[in-house]
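Comments concern the structure below.
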Amino acid sequence: MRIRNKMFLSINTLLSMGSGLITPIITLYIHNDLHKSLVTAGYVLLLYSGMIAVGYLLGGRLFDVWQPEALVYIGGTLAIFFLFLLALFPKWPFLITFLALYGAGQGLWRSALLADYLFLFVIFLCRKTKII
């Protein structure tokens with residue numbers, strides 16, 4: 001199987017790395033710079049993870065109705081946009097909102113991308129084993 005869109009793969013890799021690095025960095029930022037408790041930081045990250053789950057659910061529903069590629073681009077654009085706003089306005093009330101919306105965008109593009117990859121992988125395996 002060949003990779004057809006290297007830019008698409010690069011954006012996917014960067015967003016995945018960003019999602020893995022954001023939780024410890026946000027925890028330290030909320031506790032050390034914003035002087036909130038670690039429990040508050042935990043609640044903020046719980047909201048972030050919950051919004052990722054909401055994005056996954058929404059993306060899974062829309063995957064069957066819409067085009068998967070459009071969902072990936074819309075979710076990725078939302079994630080990048082809210083991450084950019086999070087970098088511009090890292091103050092307390094905005095941080096919660098932008099982080100939650102960033103999580104929803106992440107869940108949206110990830111669910112569509114993973115479902116599309118799984119679909120292509122199943123087709124590839126079926127052709128390789130000559131089922132189709």
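Along its three principal directions, the equivalent ellipsoid of the chain from the Cα gyration tensor extends over semi-axes of 33, 14, 13 Å, largest first. Largest GNM mean-square fluctuation among F84, F63, F121, using the chain with Cα springs under 10 Å: F121.
Given 0.36 nm per residue, what is the gain on full extension from I25 to L38 after removing their alpha carbon distance, in nm?
On the way: separation 13, 0.36 × 13 = 4.68 nm, distance 1.25 nm.
Result for the pair: 3.4 nm of gain on full extension.
Taking I96, I52, I25 in turn, the Gaussian network model of the chain (Cα-Cα springs below 10 Å) assigns the largest fluctuation to I25. Pick out which of L47, L57, L38 has the largest mean-square fluctuation in a Gaussian network model of the chain, springs linking Cα atoms closer than 10 Å. Residue with maximal mean-square fluctuation among L47, L57, L38: L38. Full extension of the chain between L85 and S16 yields a length gain of 23.0 nm, computed as 0.36 nm times the residue separation minus the alpha carbon distance.
Starting with the fewest neighbours, write out D33, D116 ranked by other beta-carbon atoms found within 10 Å of each beta-carbon.
Numbers: D33 9, D116 16.
So the residues, fewest neighbours to most, are D33, D116.
For the stretch 58-108, a/c is not less than 1.5, where a ≥ b ≥ c are the root eigenvalues of the C-alpha gyration tensor, and a/b tops b/c. That puts it in the prolate class. Take the Cα of D116, go 7 Å toward its beta carbon, and the backbone nitrogen atoms of the stretch 71-92 under 13 Å from that spot belong to 71-77.
Once C-alpha pairs closer than 8 Å and six or more residues apart are averaged by separation and normalised to the residue number of the chain, the relative contact order reads 28 percent.
Each reported figure results from applying straightforward, stated rules to the coordinates on display, with no laboratory input. Nothing here was measured: the structure is a model prediction, and the numbers come from that model. Cβ coordinates were reconstructed from backbone atoms using ideal geometry, including for glycine residues, and neighbour counts include every protein chain displayed.
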